[in-house]
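A.B. asks: Take a look at this one; I'll ask things after.
The values are calculated or read from the model by the stated rules, or taken from the named source; none is laboratory data. Keep in mind the model is a prediction, meaning the values are calculated, not measured. Using ideal geometry, Cβ is built from the backbone for each residue, glycine included, and neighbour counts are taken over all protein chains shown.
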Amino acid sequence: MTRAEITISHITKNHATSGVFIEQLNGLAAQWQHDEEFWTTESCLESIKTQPHVISAFATLNNDKTWSGWYLATYEYDQAELLFVFTSKQQRGQGIARALLSDLIAQIKNDANILVLSLEVRPSNLYAKRLYETFGFELISIRKNYYKNGEDALVYQLKIRQ
């Protein structure tokens, strides 16, 4: 089996008003919006438009125009936070999340001021936890009963530079 070619494309604030962008985001969002705890398309767009410092990108496979995954992160001063990363359910296991996370870390390393990247993940999301840990993220705290279903949130952090 040949490995898929993953292409990462960066998103700017201007994309948030593009019909094609919104259509692609809606396509992925339909897969994750199965309950009210997840981000809506509108909340994602609002973050891109209103947050002063946003890093975001989408992934496609084998020159296909349909998004296979995307991430959204913000940063301020010396800290960045991964708000959201998602891979299409049909295309999981092909390295998309790894490619997106690698891209985010590379983007953050280009900003000499950012010292750490943090994120939250459910303890039940074993694949995501394993991925983050392979990148060197360390568990720094637990937010008890964070999600509406009572599940905790694990807070991970990656030191970008000392």
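A.B. asks: Does region 27-34 contain at least one residue that is buried (at least 16 other Cβ atoms within 10 Å of the Cβ) and at pLDDT 80 or above?
C.D. replies: no
A.B. asks: Checking THR60 against (1) of a type outside the set (Gly, Ala, Ser); (2) closer than 26 Å to LYS148 by Cα; (3) part of a strand (DSSP E or B), only one condition comes out false. Which one?
C.D. replies: For THR60, the failing item is (2).
A.B. asks: Further question: Given the residues LYS144, LYS159, which is the only one that is among the basic types (Lys, Arg) and in contact with an Asp or Glu (Cβ under 6 Å, 6 or more places away or on another chain)?
C.D. replies: Values: LYS159 fails: in contact with an Asp or Glu (Cβ under 6 Å, 6 or more places away or on another chain).
When all the criteria are applied, what remains is LYS144.
A.B. asks: Continuing with the same structure: Kindly provide the set of residues from region 124-158 that are surrounded by fewer than 17 Cβ atoms within 10 Å (Cβ to Cβ) and touching a residue at least 40 places away in the same chain (Cβ under 8 Å), ordered by number.
C.D. replies: Listed by number, the residues that qualify are TYR147, LYS148, ASN149.
A.B. asks: Okay, next question. List every residue pair whose Cβ atoms lie under 8 Å apart, where the two residues are 6 or more positions apart in sequence or sit on different chains, the first residue falls within region 50-78 and is over 24 Å from LEU115 (Cα atoms), and the second residue, located anywhere, is at pLDDT 85 or above and exposed (fewer than 12 other Cβ atoms within 10 Å of the Cβ).
C.D. replies: LEU61/GLU5; ASN62/GLU5; ASN63/GLU5
A.B. asks: Filter region 84-112 for residues that are among the hydroxyl-bearing types (Ser, Thr, Tyr) and modelled with pLDDT of 90 or more and give the result. Quick ask: steps written out before the conclusion?
C.D. replies: Let us first name the residues in region 84-112 that are among the hydroxyl-bearing types (Ser, Thr, Tyr), namely 87-88, 102.
Correct list: SER102 only.
A.B. asks: From (1) under 15 Å from the mean Cα position of the chain (by Cα); (2) in a strand (DSSP E or B); (3) among the aliphatic types (A, V, I, L, M), pick out the condition that doesn't hold for LEU104.
C.D. replies: Among (1) under 15 Å from the mean Cα position of the chain (by Cα); (2) in a strand (DSSP E or B); (3) among the aliphatic types (A, V, I, L, M), LEU104 violates only (2).
A.B. asks: So VAL121 passes all but one of these: (1) more than 19 Å from THR74 (Cα to Cα); (2) crowded, with 16+ Cβ neighbours inside 10 Å. Which condition number does it fail?
C.D. replies: Going through (1) more than 19 Å from THR74 (Cα to Cα); (2) crowded, with 16+ Cβ neighbours inside 10 Å one by one, VAL121 breaks only (1).
A.B. asks: For GLU81, work out the one condition from (1) at pLDDT 90 or above; (2) over 18 Å from ILE11 (Cβ atoms) it doesn't fulfil.
C.D. replies: (2)
A.B. asks: Could you list all residues from region 83-115 that are among the β-branched types (Val, Ile, Thr) and closer than 19 Å to VAL155 by Cα? Steps first, answer last, please.
C.D. replies: Quick first cut of region 83-115, residues among the β-branched types (Val, Ile, Thr) only: 85, 87, 96, 105, 108, 114.
Matches in region 83-115: VAL85, ILE105, ILE108, ILE114.
A.B. asks: Could you list all residues from region 108-130 that are of a type in the set (A, V, I, L, M, F, W, C) and either part of a loop (DSSP other than H, G, I, E, B) or in contact with a Phe, Trp or Tyr (Cβ under 9 Å, 6 or more places away or on another chain) (or both)? I'd like the intermediate steps shown before the answer.
C.D. replies: Filtering region 108-130 down to residues of a type in the set (A, V, I, L, M, F, W, C) leaves 108, 112, 114-117, 119, 121, 126, 128.
Residues satisfying the conditions are ILE108, ALA112, ILE114, LEU115, LEU117, LEU119, VAL121.
A.B. asks: Can I ask one more? Restrict the check to region 91-102 and report whether at least one residue is out of contact with any Leu (no Cβ under 9 Å at 6 or more places or on another chain), surrounded by fewer than 16 Cβ atoms within 10 Å (Cβ to Cβ) and farther than 17 Å from GLY69 by Cα.
C.D. replies: So the first thing to find is which residues in region 91-102 are out of contact with any Leu (no Cβ under 9 Å at 6 or more places or on another chain), and the list is 92-93, 95, 99-100, 102.
Cutting the leftovers down to surrounded by fewer than 16 Cβ atoms within 10 Å (Cβ to Cβ) gives us 92-93, 102.
Imposing the further condition that a residue be farther than 17 Å from GLY69 by Cα reduces the set to none.
No, region 91-102 contains no residue that is out of contact with any Leu (no Cβ under 9 Å at 6 or more places or on another chain), surrounded by fewer than 16 Cβ atoms within 10 Å (Cβ to Cβ) and farther than 17 Å from GLY69 by Cα.
A.B. asks: Which one is surrounded by the most Cβ atoms within 10 Å (Cβ to Cβ) among residues in region 63-90 that are within 14 Å of the chain's Cα centre (by Cα) and part of a loop (DSSP other than H, G, I, E, B)? Let's see the steps before the verdict.
C.D. replies: Here is the first cut: in region 63-90, the residues within 14 Å of the chain's Cα centre (by Cα) are 67-75, 80-88.
Retained after the next criterion (residues that are part of a loop (DSSP other than H, G, I, E, B)): 67-68, 88.
Details: TRP67: 22, SER68: 25, SER88: 19.
My answer is SER68.
A.B. asks: Which of the following residues is under 16 Å from ILE105 (Cα atoms), among the aliphatic types (A, V, I, L, M) and assigned to a strand (DSSP E or B): LEU139, LEU158?
C.D. replies: Values: LEU139 fails: under 16 Å from ILE105 (Cα atoms).
Step by step, each of LEU139, LEU158 is checked, and only LEU158 is under 16 Å from ILE105 (Cα atoms), among the aliphatic types (A, V, I, L, M) and assigned to a strand (DSSP E or B).
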